[in-house]
Structures are given as C-alpha cells and as structure tokens.
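See structure below.
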Amino acid sequence: MKKLPIGTRVFDITKGWGEVIEYKNPCVTYESNMVVKFNGGGIYTYTLKGKYNSLDETPLLSLTEYSLETGGFTPITDFDKPEIGDFGYFWDTEDKDLLVFSKLIFINNFSCLKYGLSMDSTGSFFNFSKEIPQWFLDRMNK
C-alpha cells in the first residue's frame, strides 16, 4: 500500500481535520506508524490503513469529511488505488529479481494482481505499484 504524502489532509470523526506529519518506524510502534496532527490540537498515531490501532475493526481516517447521518467516508486505502487500465510494476516477492512493467487488466478477490504483456499473454503477481518500487531502486544502487 502506498503511504499518503506528508501534508495530506485527513479526517477523523472524533477529532476533525488533521494532516499527516510523519511516519514512525513500525518496529518501534508496531503497526501504528502514521502520525497525524489535528487542527483542534493533538497528535495521534494510526496504522497505514487509518485505524487507531491494529485491533480496531474499522478505520477512522478518511480522505473526506463524513458523518453517521450522511456517510461520505473515503478510506485512505483508496489513495492512489490501482485501477484496471493502469500501467505499473508487478512482482511477487522482493527477494526475486523479477520486476515486470505492464498494464493492469484484472484484480481478483485475493489481492492477486494479473497483468497482460500482450493481448494473448497474461500472468499474475501479488504486488503492484505505479512507481518503481523502492526495493528495486535499492538493488540497482548497490
């Protein structure tokens, strides 16, 4: 999942509007590593999925303002979410050297992404990114 850029405005129904100010090391803070500063005061840490902690059932952070009456919740996991037709990079695990650039043609219910190299060639991978993944850039710079 792509992290929200620093400075992204987010909404929590219990705290109002805030902005992402930093990311902490997940090894130190477990799964909560996105730090948000709220306009009304207070700095709170959330998981990358917008949950206050990993035991919560549902996320609180939204890209849009929402309420119980009107709805309007837009999960932060929708930020830069892959869509059919997007071009990007596909891979299974970072320990393999295979990185493929192609067009996304299918997303199944098990988060396995499928791509097509041509009209008659398809394959499936577990990871997709619209940008060159950092693990690959690190490997190129060694």
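The values are calculated or read from the model by the stated rules, or taken from the named source; none is laboratory data. In this text, all values refer to a predicted model and were calculated from it rather than measured experimentally. Cβ sites come from the backbone with ideal geometry, for glycine too, and all protein chains shown count toward neighbours.
Against the condition of a type in the set (Lys, Arg) and more than 27 Å from Arg139 (Cα to Cα), how does Lys49 come out, does it pass?
Answer is yes for this residue.
If we scan the stretch 115-128, do we find a residue that is exposed (fewer than 12 other Cβ atoms within 10 Å of the Cβ), within 29 Å of Lys51 (Cβ to Cβ) and modelled with pLDDT under 75?
no
In the set Glu57, Glu83, Glu69, Glu131, which member is more than 19 Å from the chain's Cα centre (by Cα), loosely packed, with under 14 Cβ neighbours inside 10 Å and either modelled with pLDDT of 85 or more or not in a strand (DSSP E or B) (or both)?
Criteria check complete, one pass: Glu69.
Taking Gly18, is it over 28 Å from Trp135 (Cα atoms), touching a Lys or Arg at 6+ places or on another chain (Cβ under 8 Å), modelled with pLDDT of 75 or more and part of a loop (DSSP other than H, G, I, E, B)?
Taking the combined requirement at face value, the residue does not satisfy it.
Taking the stretch 21-45 as the search range and keeping residues that are within 26 Å of Ile132 (Cα to Cα) and surrounded by 17 or more Cβ atoms within 10 Å (Cβ to Cβ), which one is modelled with the lowest pLDDT?
Ranking the qualifying residues of the stretch 21-45, first place goes to Ser32.
What pairs can you find where one residue is in the stretch 81-103 and closer than 15 Å to Leu137 by Cβ, the other is among the hydroxyl-bearing types (Ser, Thr, Tyr) and surrounded by 12 or more Cβ atoms within 10 Å (Cβ to Cβ), and their Cβ atoms are less than 7 Å apart, with a gap of 6+ or different chains?
Cβ pairs passing all conditions: Gly88/Ser129; Tyr89/Ser129; Leu99/Tyr89; Phe101/Tyr89.
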